[in-house]
Amino acid sequence: TAVVELQDVSRLYPGPPAVHALTSCSLRIEEGDFVTVVGPSGSGKSTLLNILGLLDQPSSGRYLIRGEDVTALPEAQRARVRGDQLGFVFQSFHLLEQRSCLENVMLADLYSGVPERESRERALTALQAVGLGALVARMPTELSGGQQQRVAIARALASDPAVLLCDEPTGNLDSGTAATILALFDELNAAGRTVVMITHDADVARHGNRTLHMLDGNVTETARP
Ligand code: ADP
Ligand code: ADP
């Protein structure tokens, strides 16, 4: 079973003017894949990621997560699947400044019904996985940009999601720091984590085993050994 699978998915913005943001996209992402997504501005990258993230719905076609058809779930169940199965990392870190790193990561569980003690354990495990085990009590403002992005990655990892969905996760970082964050994604992927990452950066696009090239809502793929 694929981790996520799109079957003939299209997304039409009715307009006018009508925009075919995604056209008949079929895609299987397997456990352990590291997929980069490239393409010019307006080619449909965000639309694809929003659909995979259950933040938007296809106009037609089907979306399955680990074999479960999530195409037409009501919003409450979409939120449940989002919290359990999907982890998000963005260009901006979106951390709460008045909360410690540990609290920021625990906030991911706030509406999940996970007991606080378990939430704390998950958060500590995730912060260790991103190399911040010694800094869990710090406030985000005391950390570098790279460390703040690590906190955001820990928050995405806390629920042990099926897939990490990343939109330009190194876009706000200097090149040296970006390299260390990419190395972290490589490390997480080597440990089995499935990753989908939008990027504008050709060096970033070379990471992982598959690259999706988007153009005018159409997807083509390059695979690497
Ligand atoms: P980026 O490419 O950096 O993600 P965009 O400018 O493409 O930023 O999109 C920013 C937000 O605006 C997204 O949520 C996108 O869905 C929305 N958006 C993009 N184009 C349009 C449009 N023509 N009409 C309405 N919303 C749009
Ligand atoms: P990218 O992320 O590659 O920049 P998007 O997925 O944001 O591309 O956009 C794909 C196309 O869909 C663009 O033509 C964009 O203007 C259009 N679009 C995106 N969001 C909206 C929206 N909410 N309403 C209308 N058009 C949109």
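The values are calculated or read from the model by the stated rules, or taken from the named source; none is laboratory data. In this text the structure is predicted, and so the values were computed from the model without any measurement. All Cβ positions, even for glycine, are placed from backbone atoms using ideal geometry, and neighbour counts span all protein chains on display. All accessible areas refer to the heavy atoms of the entire protein, side chains included, with ligands and DNA or RNA removed. Shrake-Rupley method; radii C 1.70, N 1.55, O 1.52, S 1.80 Å.
Given Arg11, Arg62, which one is in contact with a strand residue (DSSP E or B) (Cβ under 7 Å, 6 or more places away or on another chain), farther than 22 Å from Ala223 by Cα, part of a strand (DSSP E or B) and open to solvent by 70 Å² or more (accessible area, probe 1.4 Å)? Before you say what the answer is, go through the steps one by one.
Values: Arg11 fails: open to solvent by 70 Å² or more (accessible area, probe 1.4 Å).
From the options Arg11, Arg62, the qualifying one is Arg62.
Looking at region 35-63, which of its residues are among the aliphatic types (A, V, I, L, M), free of Cβ contacts under 8 Å to residues at least 40 places away in the same chain and closer than 19 Å to Ala202 by Cβ?
We begin by selecting, within region 35-63, every residue among the aliphatic types (A, V, I, L, M); these are 35, 37-38, 48-49, 51-52, 54-55.
So of that shortlist, the ones also free of Cβ contacts under 8 Å to residues at least 40 places away in the same chain come out as 54-55.
Correct list: empty.
Restricting to region 198-224, name every residue that is aliphatic (A, V, I, L, M), under 18 Å from the mean Cα position of the chain (by Cα) and either closer than 21 Å to Asp8 by Cα or open to solvent by 10 Å² or more (accessible area, probe 1.4 Å) (or both).
Of region 198-224, the ones aliphatic (A, V, I, L, M) are 198, 202, 204-205, 212, 214-215, 219, 223.
After this cut, where a residue has to be under 18 Å from the mean Cα position of the chain (by Cα) as well, the list is 198, 204-205, 212, 214.
Within region 198-224, Ile198, Ala205, Leu212, Met214 meet the criteria.
Residue under question is Arg120, and the condition is that it be open to solvent by 50 Å² or more (accessible area, probe 1.4 Å), modelled with pLDDT of 95 or more, more than 16 Å from ligand 2 (Cβ to nearest atom) and in a loop (DSSP other than H, G, I, E, B); does it hold? Give the steps one after another, and end with the answer.
Details: open to solvent by 50 Å² or more (accessible area, probe 1.4 Å): yes; modelled with pLDDT of 95 or more: yes; more than 16 Å from ligand 2 (Cβ to nearest atom): yes; in a loop (DSSP other than H, G, I, E, B): no.
For Arg120, the condition - open to solvent by 50 Å² or more (accessible area, probe 1.4 Å), modelled with pLDDT of 95 or more, more than 16 Å from ligand 2 (Cβ to nearest atom) and in a loop (DSSP other than H, G, I, E, B) - is not met.
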Scanning region 65-89 residue by residue, the ones that are among the aliphatic types (A, V, I, L, M) and either in a helix (DSSP H, G or I) or more than 15 Å from Val196 (Cβ to Cβ) (or both) total 6
Just one listed residue, out of Ser26, Ser41, is open to solvent by 60 Å² or more (accessible area, probe 1.4 Å), modelled with pLDDT of 95 or more, out of contact with any His (no Cβ under 6 Å at 6 or more places or on another chain) and within 15 Å of ligand 2 (Cβ to nearest atom), and it is Ser41
Those residues of region 44-55 that are near ligand 2 (Cβ under 9 Å from one of its atoms) and open to solvent by 50 Å² or more (accessible area, probe 1.4 Å) come to a total of 2
